[in-house]
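Enquirer: My questions will all concern the structure given below.
Taken together, the values in this text are just the output of simple stated rules run on the coordinates, not laboratory data. This is a predicted model, so every value here is computed, not measured. Note that we place each Cβ from the backbone using ideal geometry, even for glycine, and neighbour counts take in every protein chain shown.
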Amino acid sequence: LEKKGVKHNYAVFIIISILLTVIIIFSVFLVPLLEKEIFYFIDNIPNFITKVEELYNQIDFFKKLGLDFNQILEIIFSNNEDYMSKIIKFVNAIFSAFIPTITTPILIIYFIAYYENIENYIKNKSFKNQQLFTILKQIKYMLQEYFKSYFIITFLLTIISSICFAALKIEYFIIWGIIIGITNIIPYVGPYIGGGIVGLFVLTTNPNILIYVIIIIIC
């Protein structure tokens, strides 16, 4: 915006207003729909596990290894920690989720409002060392391009995936679209992780459309 001639203070106000507008729109329209899908998905987890077990029991390879599905579940979900350790982990998880939720918006606003001062301070400290100054400029440019590209790709993947899954009448299509978009951040294996989660769900609910889901994820 500043490159377009907008003054710094006005540019900060515009950006923060856009961010708040997006958050409000997301909260009003998407959160209730997402909440409904999440609770519906949670309620159907027992049915989902049952279908996974049925699929698991049909594979002879696991039978030959003597691996029982219930034993695997016990290994995954078993927890031999004492009561106090569980409380400490629970409290730690709450603070780990709560603190970034509060501090991140504050830091975003701070860096948007004062990034010029921060940047000028770094420039002044590194200007005498031309090599360091050049490296910092390159890092700045590369980070800007990376985060810009990642945000665009994640947004497009989430929207396109959700629309495609909705067209196939897959339940929780918004959740699966978000998973596809977010897991894309993991280099190389991320798309396969997200695709594998969606594919497993479709395989246990409606295997007839699995090939279409695979095509969507690959494309």
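Enquirer: Compute the convex hull volume of the Cα atoms of region 97-192, divide it by the residue count, and report the result per residue in Å³ as a whole number.
Expert: 137 Å³
Enquirer: Checking the table Lys125/Lys148; Lys36/Lys140; Lys4/Lys123 against a 31 Å threshold on Cα-Cα, which pairs fail?
Expert: Violating the 31 Å limit, Cα to Cα: Lys36/Lys140.
Enquirer: Hey, another quick one. Hey, can you rank 166-179, 121-134, 149-162 by average C-beta count inside 10 Å, highest first?
Expert: 166-179, 149-162, 121-134
Enquirer: Sticking with this one: So how many Å³ per residue does the convex hull of the Cα atoms of region 145-212 work out to?
Expert: So the per-residue Cα hull volume is 72 Å³.
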